1. Just the residues that are surrounded by 22 or more Cβ atoms within 10 Å (Cβ to Cβ) and out of contact with any Pro (no Cβ under 8 Å at 6 or more places or on another chain), please, taken from region A:137-153.
2. Taking residue A:328 and the conditions (1) surrounded by fewer than 19 Cβ atoms within 10 Å (Cβ to Cβ); (2) without any contact (Cβ under 8 Å) to a residue 24 or more places away in the chain; (3) within 14 Å of chain B (Cβ to nearest Cβ), which numbered condition does it fall short on, given that it satisfies the others?
3. What's the total number of residues in region B:215-257 that are assigned to a loop (DSSP other than H, G, I, E, B) and either more than 9 Å from chain A (Cβ to nearest Cβ) or within 24 Å of residue A:230 (Cβ to Cβ) (or both)?
4. Find all pairs meeting these conditions: Cβ atoms under 7 angstrom apart; at least six residues apart or on different chains; first residue within region B:260-276 and at negative phi; second residue acidic (Asp, Glu) and surrounded by fewer than 24 Cβ atoms within 10 Å (Cβ to Cβ).
5. If you check residue A:255 against the conditions, is it at pLDDT 95 or above and either closer than 24 Å to residue B:184 by Cα or in a helix (DSSP H, G or I) (or both)?
6. Select from region B:84-98 the residues that are buried (at least 20 other Cβ atoms within 10 Å of the Cβ) and of a type in the set (Gly, Ala, Ser) and write down the one among them that is farthest from residue B:133 (Cα to Cα).
7. Do any strands (runs of 3 or more DSSP E) entirely within region A:58-161 hold 1 or more residues that are among the charged types (D, E, K, R) and in contact with a strand residue (DSSP E or B) (Cβ under 7 Å, 6 or more places away or on another chain), and if so, which?
8. Restricting to region A:35-57, name every residue that is without any contact (Cβ under 8 Å) to a residue 12 or more places away in the chain, closer than 17 Å to residue A:15 by Cα and outside any strand (DSSP E or B).
Amino acid sequence: MRTIDIHAHLMPQCLWKTVDAGQVWHGSRYEPGAGLGAVVRDGKRIPIQSPKLRFTPEERLQDMDAQGVDVQVISIHMPLVGYDLEPAEGRQLARDVNDEIAAMTRQWPTRFAGLATLPAQDVGAAVEELERAVTTLGLEGAELDTVMQGHTWDEPQFLPLFKAAEALGAVLFFHPQPQDNLVLARTDKYGLANSIGVPVEDALVVAALIFGGILDACPALKACIAHGGGPACFGMGRMDRGWQVRSEARLHIQKPPSTYQQRLYYDCITNSEAALRFLIDQVGIDRVVLGSDWPFVQWDPSPVAWVQGLQSLTAEEKSKILWENLEQLLGL
Amino acid sequence: MRSIDIHAHLTPQCFWRTTEGGGDWHTIGRQQDARGRQYAVVGGRRQELPPRARWTPEERLADMDSLGVDIHVVSPYSGFYNYDLDTTIAAATSRDANNEIRDMITSWPDRFAGLATLPMQDVPAAIAELERVMVQLGFKGAMINDQVNGRTLDDAAFLPFWKAAEQLGALILFHQGGGTMVSSRLPRYHLPNTIGNLAERTVTFASLVFGGVMDACPDLKICLSHGGGYTCYGIGRMDRGWQSRPEARQHIPQPPSAYLRRFYYDCIVYTEQALRYLIDTVGVDRVVFGTDWPYDMEFDWPVSWILSLESLTQDEKEAILWKNLERVLGL
């Protein structure tokens, strides 16, 4: 029995050292204010929602022990990803972050694995950094936003990145911006950008990968979607109907989109047992993995205990979610 | 056994007639392409119309007979909301379309009931038209968009509308018109419809709940089309947002899940598992029959599909097909 968590965020120590000295870290600076203050970048405030965002690796390990998490697969807190930067600076940001994550995995190889940050604003540089991260640094893959400066991943310029990930055996973990996503075009009230915008972005990236033909072009691609893929599995019937009746939906795929959803992985952050059961029944138990969204979700007492306590899952299903699926996917 | 369809649209015959010789219907024109496909031209936008949108009431009735649908609760085509046009134009198209539905109800009172379209960009005008159709024309309510020129319906300007709808006993059906929030992000693969509609409906649920409209109007009757979008599946994250964020608790003392049963939801979710999930989440007395006639996204043979579902009891099928709407609309 182990527990492996695919969804664990990092605000790197190299950022804190720089901004606490009053300097700018790849476009980010610290701004004191309500609560724990905020990091401001690209004209947007990223509130520091948890003191754990400043944790050192040692403090993080203590927190993992308290939550019963053996391994965290670390990825950057998505608002820091820096796709807006000039390519050279974006490349340097990615290297700094990836070097820090790699150092964590080297020092505590049984406790940490890593997902790289990539400068996707320059696809060639992103491919190079993914190769470096996987072959030189030993990371497991990379984390990508659900959108890149308004561009979606089905656009042809990104195909070399997916081909490279497939060839490297790298896992791509897709995660949206929690405060800055497409729901803001409709409303900025009640925190709906987070509570609705995040899962809608997750569903859209599922659709982009499927309808864009990426899973056909890269049959061995390993991709995991945060937050259970949002409501993609629940809304798949409507996507299937759209595929039946609209030629533009059939542009890249010869089979209905629902037949592709078992090709992706999904973390278990569905916020309800009924939704998780529905996800498992739609995509298969081999495709659902443990995610905690550390440190943003206040699990009581822990994400592991939540999964273990679910009435509608068998013991075998729980083991697959808690560790077996990720052990196999990541080769941990 | 009956079947009552809450989600069935009308592209009014008055539009087809007045545009026949190249004329316009309150500034709205019509074009035809080389293959004979018909388009409405609204404020410069070309909107494709499906072949059945042109059918007369008699042809519609024959199709309803074939499908086994007894009653269409008819609502005007959402492409004619006209919220972004002059109020006078939207008021005129609303009156024309609503009057035509009134004529259908008068001619076939056992087969048609009515939901109005309203000039929502002008709240007093919208209230006046809602009063007219409810009091004088015998309508059951109205169908409106998830947003009015970018404003969601929790905007304080709309509270008088909600109070009027509540007082008149009008059922308000939510249905997108024009683009959705997905249109500018990912316009390909029909996703502005297949994901966008569901995202918009979820935001509408949340706006009315988090915005306090459902508390301010306890007797308000709202139906969310397309099964309420992602509302039932995504309610857990909305509850978590309510627990963890003060701005989410600004207007409501209970978590959003406590409001699920204040809404009605049509059954257009396409898969048995999703429909079962919806029923189990909101209660079978809140799920109503809808088909999206006459568009390509309607589901095939809707009555026999419901009847064939193995995971629903006979009572549940009857509640969805007619009993719930019979009760809610007094049909």
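1. A:139, A:140, A:141, A:142, A:143, A:144, A:153
2. All conditions pass for residue A:328, except number (3).
3. Going through region B:215-257 one residue at a time, the tally reaches 13.
4. Taking only residues 6 or more apart or on different chains, the pairs are B:268/B:292; B:273/A:281.
5. So residue A:255 does not fit the description; no.
6. B:90
7. Passing ranges, in order: A:141-144.
8. Answer for region A:35-57, where residues must be without any contact (Cβ under 8 Å) to a residue 12 or more places away in the chain, closer than 17 Å to residue A:15 by Cα and outside any strand (DSSP E or B): just A:37.
The values are calculated or read from the model by the stated rules, or taken from the named source; none is laboratory data. The model shown is predicted, which means the values in this text are computed figures rather than measured ones. Neighbour counts run over all protein chains shown; Cβ positions are idealised from the backbone, glycine included.
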